[in-house]
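Novice: Handing you a structure now.
Readers should treat all values here as calculations from the given coordinates under stated rules, not as data from a laboratory. Please read all numbers here as calculations on a predicted model, not as lab measurements.
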Amino acid sequence: MQAEHTAATDQCPPRVIRCERVLRKRTKSVLLVLDRITDPHNEAAAHRCAEALGVQHVWTVAPPLQPQKKRPKRDTKSVAKGADGWLSLQRFDNVASCVSALRVEGWDIWCAADGEGAVELGSDRPPDLTPAKVAVVIGREADGCDPAFLAAATQKVYFPLRGFTSSLNLSVATALVLSRI
């Protein structure tokens, strides 16, 4: 069987072999949920982080309707660097429909949020504390996760900041949280 696989891959172009290798390493046990992100560049950068870290599924809850902003200086494609093409994306109109879908599919919901009961995602965190299927919810920079997500969450997690700066860009926070789960 191994000899057949080796013979088959010898005939494939290097790009196909690389794609197969990368896709085999994807995790289907972690799902990223972006909660009401209003800046399309932040959303695109979070997609890029998820893809780079091997997360396959990204769900997005649409932000509330807002007045149209002037056209961004850069297209989001330049931020995402093609990551969207490798991800399985799903969009929800509201938090309630997303929470319902997560529950139906058996995902544990973890919100990136500090406060009482939140668990620090330090480098020494034992991996056996992570459930088989975990949906990590990242909220907006302005106000964090929606209260409905926080109420549905089985765990709140945070990445510790040690400096004078009290917050990170959404995509940076997404990358750090995903890398610790």
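Novice: Per residue of region 159-164, what does 6.51 cos²θ - 1.76 cosθ + 1.60 with θ = phi - 60° give for ³J(HN,Hα)? Whole Hz please, x for Gly and Pro, Karplus curve as stated.
Specialist: Karplus values, whole Hz, x for Gly and Pro: 9, x, 10, 10, x, 7.
Novice: Out of residues 5 or more away from residue 92 or on other chains, whose amide H comes under 5 Å of its own, with H placed 1.01 Å from N in the peptide plane?
Specialist: Result for residue 92 returns 60, 61, 62.
Novice: Provide the gained length on full extension for the span residue 130 to residue 88, in nm with one decimal, where the gain is 0.36 nm per separating residue minus the Cα-Cα distance.
Specialist: Length gained, residue 130 through residue 88: 12.9 nm.
Novice: Does region 94-181 come out rounded, prolate or oblate by the C-alpha gyration tensor, with a ≥ b ≥ c the root eigenvalues, rounded set by a/c under 1.5 and, if not, prolate when a/b is larger than b/c and oblate if not?
Specialist: It comes out oblate by the Cα gyration axes.
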